[in-house]
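Take a look at the structure set out below.
Any read-out appearing in this document is the output of simple, stated calculations on the displayed coordinates, not a laboratory observation. Just so it is clear, the structure is predicted and the values come from calculations on it, not from any experiment. With ideal geometry, Cβ positions are generated from the backbone for all residues, glycine too; neighbour counts draw on all protein chains shown.
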Amino acid sequence: MKALHLGAIEDFAFIEPPQGRAMADGYQLLAELGAVDDDNELTSVGRTLAKLPLDPRGAA
């Protein structure tokens, strides 16, 4: 969603929004992979991973 510039994930109009814990876990995984920085902005690794049609764990 960040790579598509859809705005803050927390503010997106999901039909069924994910639980806050799920979003936090997602950000944590992306941080561990080096895909986001301390401000949860995409890094060059994150932009590359976003281009791959895979789960981030499989793409890293």
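3J(HN,Hα) along the stretch 52-57, derived from phi through the Karplus expression 6.51 cos²θ - 1.76 cosθ + 1.60 where θ = phi - 60°, amounts to 8, x, 9, 4, x, 5 Hz, with x in place of Gly and Pro.
With respect to the chain, whose longest principal axis is taken over its alpha-carbon atoms, helix 20-32 is tilted by about 10°. Projecting label points 7 angstrom from Cα along Cα→Cβ for Ala13 and Leu54 puts them 3.5 nm apart. Applying the Karplus relation 6.51 cos²θ - 1.76 cosθ + 1.60 with θ = phi - 60° to the stretch 39-50 yields 3J(HN,Hα) values of 9, 6, 9, 5, 9, 5, 5, x, 5, 5, 4, 5 Hz, where x marks Gly and Pro. Its alpha carbons considered, the stretch 21-60 gives a radius of gyration followed by a Dmax of 9.4, 25 Å. For the chain, the relative contact order works out to 24 percent when only alpha carbon pairs closer than 8 Å and six or more residues apart are counted.
In plain terms, the chain from Glu41 to Leu4 could stretch by 12.1 nm, reckoned as 0.36 nm per residue minus the Cα-Cα distance.
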